[in-house]
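Student: This structure is in structure tokens; I'll ask about it shortly.
The values are calculated or read from the model by the stated rules, or taken from the named source; none is laboratory data. Values in this document were obtained by computation on a predicted structure and should not be read as measured data. Cβ placement follows ideal geometry from the backbone for every residue including glycine, while neighbour counts extend to all protein chains displayed. Just so you know, the surface numbers come from the protein's heavy atoms only, side chains and all, with ligands and any DNA or RNA stripped out. Shrake-Rupley method; radii C 1.70, N 1.55, O 1.52, S 1.80 Å.
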Amino acid sequence: MSKFRWLLLVAPVMALIGLVPILVSSSSASADPGAILRFDVMTPVTGPYVGTGNPIRTVPGGGFPWMIGSGEGSLSRDGRLEIHVHGLVLADSPAVPAALRGTNPVADFEAIVSCQTVTGGMAIVTNVSTGQFPASTRGNADIRAKVNLPHPCIAPVVFVASPTGAWFAATGS
């Protein structure tokens with residue numbers, strides 16, 4: 001008898017007498033706040049995404065390359081959005097004026113949530129934005145807002161953007 005077959009035969013007996021732990025999954029309604037997206041990494045606009053040439057889900061990139069220290073957050077089914085960014089500043093790049101490198105020249109950030117959804121039987125992109133939130137010159141900001149998500153909200157992408165709608169950081173790596 002193979003070791004695998006032997007294990008299949010004895011595992012239920014051993015579990016009954018407490019020698020082998022049984023892995024089970026359980027959850028309670030209160031344990032799940034309804035998050036449809038949690039993220040602990042964001043990528044800055046850079047390379048071919050700088051400017052309007054290669055928008056992501058119709059959202060154009062910022063006019064200069066950016067860099068980010070960290071970005072994290074969550075999006076709930078009811079549209080509650082929370083984002084924390086640190087060090088979201090213009091890149092140390094020849095494309096950025098020397099006096100602006102390593103700084104955030106934008107006083108306020110907003111967030112954009114982009115969803116694939118279905119309208120009239122057609123797949124479409126729906127983008128919803130928050131209001132503006134203060135951002136430090138060091139590129140630190142906390143965004144807490146509620147947005148009206150489409151239903152369904154398939155494959156959400158979260159952007160940190162300028163008040164004009166150009167993105168500086170997006171979920172992903």
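Student: Mind listing whichever residues of the range 68-96 are open to solvent by less than 60 Å² (accessible area, probe 1.4 Å) and either without any contact (Cβ under 8 Å) to a residue 12 or more places away in the chain or closer than 11 Å to Met42 by Cα (or both)?
Tutor: Ile68, Ser70, Gly71, Gly73, Ile83, His84, Val85, Leu88
Student: For the range 103-136, what are the residues that are modelled with pLDDT of 95 or more, open to solvent by 40 Å² or more (accessible area, probe 1.4 Å) and not in a strand (DSSP E or B)?
Tutor: Thr103, Pro105, Ala107, Gly131, Gln132, Ser136
Student: Still on this structure, I have one more. Between Ala135, Ala155, which is in contact with a Ser or Thr (Cβ under 9 Å, 6 or more places away or on another chain), aliphatic (A, V, I, L, M) and closer than 24 Å to His84 by Cβ?
Tutor: Values: Ala135 fails: in contact with a Ser or Thr (Cβ under 9 Å, 6 or more places away or on another chain).
None of the others qualify; the one that does is Ala155.
Matching residues to (1) aromatic (Phe, Trp, Tyr); (2) modelled with pLDDT of 95 or more; (3) in a loop (DSSP other than H, G, I, E, B):
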site	(1), (2), (3)
Arg138	no, yes, yes
Ile143	no, yes, no
Pro156	no, yes, no
Ala169	no, yes, no
Ser173	no, no, yes
